[in-house]
Each structure stands twice: as C-alpha cells, then as structure tokens.
Ligand code: SF4
Ligand code: SF4
C-alpha cells in the first residue's frame, strides 16, 4: 500500500506571537515554526500502518523554516521517501494549499493519504476534505485509528470520533484521505544520532513551484480574506477557590443551588 | 601421610576436576571478552596493587553492614591464610615425614595462625549462615515485581550460599578436627595449637586405628572437597573471591560523573548480554549477591521493580545457563536483556544516583547497564512517552520545559538591576543557570535571590541569556547520547564566544555535565566550574559576605547526588549553612550515603511507577522528621527544592519542616530584606 502523509510547519504557540504592522498577519521576526502536532500524529499512524501491513510511506511537506530537519526526522522514524514542495510559501488558506498538494499527489502513486485533522494556523480545518474533493476520493475526518485488511483488498477500517465520546467505525474504499486526530500511540521520538546519520545518507526530493497559480486554478483563492488579526482579550481572570464552602457560596450567589 | 593408593586417587581427582574447572574459567574469559570495548584500563600494575591492598584491608566490604563485614573479614583472613595451609597439607600428604605439628619457630607461628584463624572462619561462617537462614533479613528479599531468572525464583541464591557455606565449614572444620586427631594420636597437646589441643582432649579415648582413620578421613574432607568443589566454583557466587579483586582493579577510574560514550554511535546501547561492555560482563561474575546495592537503591526502596542486585544476579544465571553458546559466540538470536535480566519499566525507574555503584563491595556498576539499555531503547524510538516529549522539546527548544528559548532569561526581569550579558561583555563569573533555575517558578525565586546576593557582594557575573541550552546531564542519563552531544556542542560554542574566568551554577546536574563531560566539546580542556555553594563559602571566607544575623534554627542538609556522591561536594554547602549560624543536624543517610530525591536520570519527567509505595523524596522527608525538632530541610539544588517542597505537602508535613535553599539562608543572614529578595 502506498501511504502519503501531508505535513506542514506551523507557528510555535509557546512563543509570544505578535501581529505585524499590517494588522492582518503574524510578525515573522521572532516567529518560530514547529511541526503541526496533528500531522505528527498522522505520520505516526502511517508508520504504524506500514509496520503492521507493509507498504511504502512518503511524506510530502511544504518548504518552511527547518523543514529539512522535520523530513529527515520522518525518515529516521521509518518513512521511505520525503518530498519537499518549494515555491508555495505565499499560498493562502487550505484551498490554495490543497491545490498544491493535489498537484503533487496526482503525480504520485497513493492509496491512503493521511494528514492532520487541523493545524494551529488554519482557519477551517478543511485541508483533508478539499484535497479529497480535488482528487475525487472519499474522506473521513477526526480519525483516531486506521486498520487495513479487515474488509478486504482496497478497503480500510477507521475509527472516527464524535463529541461526547461516541466513536464510529467506518469502512472506506481506497484511495481515500483521512484527517487524523490522534494516532494509536504518541508520536515516537527519533534520536538525534539517527537523524544525523540519515541526513548524511538520504536525500530530500524537491518539487519546484507548484506555484500560486494553482490556488487560483482551484477556484479563485480560499474565499476567505483576513480583515484583522488581534490577540484575544484577556478576561477578568479566574477566581481561585479554597474549598467546598467557597464553591457553595459562589454557586448560591449565582442562584445555581 | 597418605597411602600410595590415596595419592593416586587424589591426583586423578585433581586432573578430572581441574580440567572441568578450567573449561568453566575459560568460558568466563571468552564470554567477558565478547563484551563491547570500554575505555582502556591504564596503569595495570598500580591498579592491581591498589585493589589487593583494598581487599587486604577489606575496605570495600566495610562501606556498610559493619557486623556482617566483621564476620566476612574473619572468613576472608582465614581463607587467605588457608592457601598456605593447603600447600602444607599437600606436602604433608606427598612428602614423607613432612609435618608442621609439634615444631616451634616459624612452624609454630604457622600453627598458631592456622589454629586461631580456623576458629574465626568457623565462627564467621556459622554467624553468616545463621543470619541468612535463621534471621532471614529483609534485605535479602526482592520487591515482588522485580524480574528474576527462573533459577533464582527456584531458590538458586540461597542454595548456592548454603553449598558454599557448608563447603567452607567442612573444609576448614575437617582440617581443624584432623589436626586435633593428629595431636590425640601423639598423645599430647601443642601450645602452638591451643584450640586443636583442647579438642584433642575429647578424642583421647579413641584407639590408634580409629585416630589414624580419622586423620585420613579429615584430610580427604578438607583437601578432597576443594578439588571436588573446583568445577562448581566458576558457576558459584564463591567465584567472587577471585574475580572481585580483578574487578576492583579494572574498575572505571575516570570521574564518577563522566559517562563513557557508546563505542558504536551507529548502533548504541545494549539489547543482548554481549552488547554490554566487557567490564559490565565481568561485574556479574564478581557479584556476591549481597543485595547491598539494592539496599542503597532509592528505586527499590520505594517499591519499583528495579533491583540493581537482581540485574547482576540474573545476568550471572543467564551466563551460567548459556555459557557454552555465549562463549563460542553463536548465541545470535539469544534472549534479550529485557527478557531475562530486567523489565523495561525497571530500566526507566533508575534515578542514576550512583548509590549502587558506590556501595558495591566488588566494584560492580549496575547503573551503567541500565544506561546502556536506555540507549538501546531510545535509539529504537521506545522511550516512554513523557521522556520522548521532553527529548523533542530539548531538541527543538533547548529546554526540558518545552518553553520558548527566548523566555529563558525572563526570571531576571524582576530584578532591580540588569545582569550583565556575558555574550557582550567580559565577566569574572559566567553563571550557567540551567533549566530548572530558569523556568521553574519556585526556582526562579532562588535564582533571583542568588543574583541579589552576588550583586550585593559586588561580584562581576553575567549570564548567556537566551543562548543558553540545557547542559544535557540528564539527557545523557536517559540514554539520548546524540541529543546530549548536540546540546553540549551548542553550549560549548556559545561559551567559546564569551570571556570569563570561571563558570558557576546552582544546579548540581549542570555542574556535573560542565565539569566532567564537556571536555571533548571544548578547545583547551574542561571548564573551571564551581557550584554556588563553593562560591558562597569563598565569599564568606574572603569577608565579601558577612552574616550579620545568625539564624537561630536547626536544620538538616540533603546532599544532592550530582554534587555530593558524584563530585565530592560535601563540605562547601555545610560551610555555608554554618556560616549562616544554623545548627546543622545530619540525617542518618548523608554524604556518600545520601539518599536520592528521586529526580535524577530523567525521573523528574516521568510518572511514578504504579508500584511506588512512597516516593524517594517522601521517604527522605520522613528521615528528616525523625531527627526531631528540625526547622529547615536545607537543599542546594533547584530540583531538590521542587521535589522536597512537594514531598512536604504530600506527606502533610507543612508547619513541621520548611524546605530552604542555601541561598535563602544566606540572604537572611546577610540581611537582604524580604522586599529586596522578591
Ligand atoms: S543508580 Fe541509584 S536508582 Fe539507579 S539502580 Fe543504582 S541505586 Fe538504583
Ligand atoms: S552488585 Fe555488588 S552490591 Fe549488588 S549484589 Fe552484587 S556484589 Fe552485592
């Protein structure tokens, strides 16, 4: 089975984020990027699938700061190939991004496409569904587990999470796109020495400039435009309660009990 | 003395049993040589002389369990002398007319020693057998969840002890009785053989023939038994009498706080027995299975499945079981260490406190096995989730908190002066702050206190601001060598750009790494690093700090592993405490015997093992409370501050004892007002 994992780097939320002069985007001066956590889970689920059912795992990522290290890390964890897409830095929103990925995917063999269900910097969580729509294949979002082989060739069973702890088990025919919420286990750690070894022997395949034009081709941009970006207002803060008595007093004051 | 027939039978026995024993010994040599390479052991002559002297004085044994050690010394001295006795007895058997009995001079002294030492050996051996089989001390048992080799479960260790014990009793006892029979035969006592003469009186009623048969029988029990015992010897823990001195001589002699890098970076760590370095293989043959290491181990004391003793014992039983295939090297696909030696959760229970290595009487280092196994697990991506997350943070952000690297110096913002930027200006002291002192809110307060103390004393110091990374001490002990190297390279590069005379740090873990492990990363040799306890004491001695107020309180002090046991930093913190006027009361486990707080070796990032009955830090607070009327539990390590403040809360001991950093004491003693401190 050919598994493709779509990954990207997103602003690291432990940094102090600042809005730039335009008031519509993050200031990039001190911006640090990190792997989108959900994509890391998608990779982990892909690796687990590969380990149990065989196949080849390819990671496709957009060029960004430290993306090479992220891709070498993916190889150290067990990915077979890594592709880096350059020239797509200015692509806006998930519609544009999906078009870039779609262009790459149509040139790659793929049975199962995994990506994070969302990302810290996306506004709609629709990357997976749009890629699926462009490729005209089925898509399941908020997936927590993927199993191969149960229903037979060309099918996978997935667990999809709903609110309130409800889990659905779905059978889906391949090729398909899955938006991963969480892998069966925490993403594994790739030791630095292994990543360094890989760095010396492996290569990152680079695909040049899927370009801004594709975003337009896919339907004229994302349909969204940013009007204003501001830090959330700080609320009045929490009131720390010392014990049950205080809690009861608050509840009584609010008329709850 | 022996008949010709007896002489021939004895010789045949020697050849057969000697041959079997030789095969056993040869296998051991071959197995140990199959271990991975270790740092070369230089100065062999000196090492062996030192080891023999230490053994002769029984120094390694007397580190703990004084009474047991006295009995052991009885047996040791007696048995050592018995080498001569055995030679004499062989001569007696094969050289007609050779006998020491009845002679004075040198022979008389020989007789006296053999007589008295025989009694000491018998006394010691009986005492140790009584201890093991009647008193049954708890220290010889393992926690229920400790992984044990099936033969250990089946009682292998006590059986081996019994065999060895009975062998010693028979060997020495028979010789002693034989001498008495000899005296009885001659019909008079010998002033050089006082105890044997006493015993001989009891045999006076026996006839000549009975006495003659008796002496022969005793000779055979004493000497024949040794020969019969030979093939068992390499399989038995009694082997320690030969391997322990060698093991002590070949011990790692580099600083305690310097871990050896894996010999093969592309394939680090130990999965199978022979993936361990040869000194670690030798350890299991030296092991006397005394469980002293387990007694000292904070992980075992608090209920986890880790027993450093069981690890060595299991290694030995496995090696005995598979001696032939291990020796020939065709045990490929043999069982993994995690299958027979130790469980994975036990490997992660170690706090790398060094107590096991320090206490072992035969120079074993079970802690290093654990680190090797961790290296293997980390390399295979099998680190526990909490550890994996911290490693990712350290790789990306350079700190274990997963915090922004830019926020590292933020603690210093609340000071009313600016700490010089060591990257931009020369400083006398470069303060390497470390992760906990930089990011943990409680430790940040101590960091500010230290800054204010130094500022008030007019010390020229600076910090690296956001360029500092974790020093990597515990990363190395978690088994992530590559990440340790990467952090060390980054720090060494940053420090190379700065001008300073000395480095100081409040964090013993950081102190250890910078002092002992950064050598290979720094041009011009290791840094001159001091712990802040040393710096503060120096300032008191030089009169640059003056304790205006003497604190009227009683306090006890906890030696942090990486300052004390690892680096011998026992006096400076005590000096600071006394300089502040505190009355210092020592806990039973202090200095070299200090009990780890449980945070080291990456444990601070991991959840408690479900089997934990009491955390090491709680155990320690209990120890301090048992001293009675102690106001302060004084620490000199940021991790200790958080560990013990938590432990005081979780044991409900608030109001009974307060955890204080030495910097707190100094600030109070030199009269930095509370407002200034915060
Ligand atoms: S280093 Fe400490 S925690 Fe680890 S095995 Fe030895 S005594 Fe136990
Ligand atoms: S390793 Fe050392 S301390 Fe531990 S049981 Fe063996 S001999 Fe005793």
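Computed from the coordinates by the stated procedures, all read-outs in this text should not be read as laboratory data. Source: prediction; values computed, not measured. Positions of Cβ are backbone-derived with ideal geometry, glycine not excepted, and every protein chain shown enters the neighbour counts.
Per residue of A:9-17, what is the mean number of Cβ atoms on other protein chains within 10 angstrom of that residue's Cβ?
Mean shielding count: 3.
Where both residues lie in the protein assembly as shown, what percent of DSSP beta bridges are antiparallel, nearest 5?
The answer is about 25 percent antiparallel.
What is the average number of partner chain Cβ atoms found within 10 Å of a Cβ in B:378-388?
Across the residues of B:378-388, the mean count of other-chain Cβ atoms within 10 Å is 4.
Once both axes come from the Cα atoms, what is the angle between helix B:441-456 and the longest principal axis of chain B, in degrees from 0 to 90, rounded to 10?
80 degrees
Summing -39500 (n - 2.57) over the DSSP H runs of n ≥ 4 in chain A and dividing by its residue number, what mean residue ellipticity at 222 nm do you reach, to the nearest 500 deg cm²/dmol?
That calculation yields -9000 deg cm²/dmol at 222 nm.
What percent antiparallel are the DSSP beta bridges of region A:2-253, to the nearest 5?
40 percent
Would the protein assembly as shown count as rounded, prolate or oblate if I go by the C-alpha gyration tensor, calling it rounded below 1.5 in a/c and otherwise prolate when a/b exceeds b/c, oblate otherwise?
Because a/c hits 1.5 or more and a/b exceeds b/c, the protein assembly as shown counts as prolate.
Order these by the 10 Å Cβ neighbour count, fewest first: A:111, B:89.
By the 10 Å Cβ count, ascending: A:111, B:89.
Going highest first, how would you order A:13-24, B:583-594, B:266-277, A:160-171 by mean Cβ packing within 10 Å?
B:266-277, B:583-594, A:13-24, A:160-171
Expressed as an acute angle from 0 to 90° and rounded to the nearest 10, what is the orientation of the C-alpha long axis of helix B:105-130 relative to the principal long axis of chain B?
Taking Cα atoms only, the helix is inclined about 60 degrees.
Just the number, please: percent antiparallel of the DSSP beta bridges in chain B, rounded to the nearest 5.
Restricted to chain B, the bridges split so that about 5 percent are antiparallel.
Report, to the nearest 10°, how far helix A:192-201 tilts away from the longest principal axis of the Cα atoms in chain A, using its own Cα long axis and a range of 0 to 90°.
30 degrees
Summing -39500 (n - 2.57) over the DSSP H runs of n ≥ 4 in chain B and dividing by its residue number, what mean residue ellipticity at 222 nm do you reach, to the nearest 500 deg cm²/dmol?
-15500 deg cm²/dmol
Once a ≥ b ≥ c are taken as the square roots of the eigenvalues of the Cα gyration tensor of region B:43-230, is the result rounded (a/c under 1.5), prolate (a/b larger than b/c) or oblate (a/b not larger than b/c)?
Cα axes put region B:43-230 in the prolate bin.
What's the ranking of A:224-230, B:220-226 by average number of surrounding C-beta atoms within 10 Å, highest first?
The densest-packed peptide leads the list: B:220-226, A:224-230.
Determine, for B:632, B:532, the number of other Cβ atoms within 10 Å of each Cβ, and report the residues in order from fewest to most.
Least crowded to most crowded, the residues run B:632, B:532.
Just to be sure I understand: with springs between alpha-carbon atoms less than 10 Å apart, which residue in A:144, A:86, A:234 has the highest mean-square fluctuation in the Gaussian network model of chain A?
A:234
Taking chain A as a Gaussian network, Cα atoms linked when under 10 Å apart, which of A:128, A:93, A:55 shows the biggest mean-square fluctuation?
Most flexible of the set in this elastic network: A:55.
Test of understanding: ordering B:290, B:360 by Cβ neighbours within 10 Å, fewest first, what list do you get?
Exposure proxy ranking, most exposed first: B:290, B:360.
Which whole number gives the average, over all residues in B:314-321, of C-beta atoms from other chains lying within 10 Å of the residue C-beta?
Mean number of neighbouring Cβ atoms from other chains: 0.
Ranked from highest to lowest mean number of other Cβ atoms within 10 Å per residue, what is the order of the peptides B:387-393, B:502-508?
The densest-packed peptide leads the list: B:502-508, B:387-393.
Decide, for chain B, between rounded, prolate and oblate: order the square roots of the alpha carbon gyration tensor eigenvalues as a ≥ b ≥ c, take rounded if a/c falls under 1.5, and otherwise choose prolate if a/b is larger than b/c, else oblate.
Note, shape of chain B comes out prolate.
So for chain B, averaging the separation of alpha carbon pairs under 8 Å that are six or more residues apart and normalising by length, what relative contact order in percent results?
Averaging sequence separation for qualifying contacts and normalising by length gives 13 percent for chain B.
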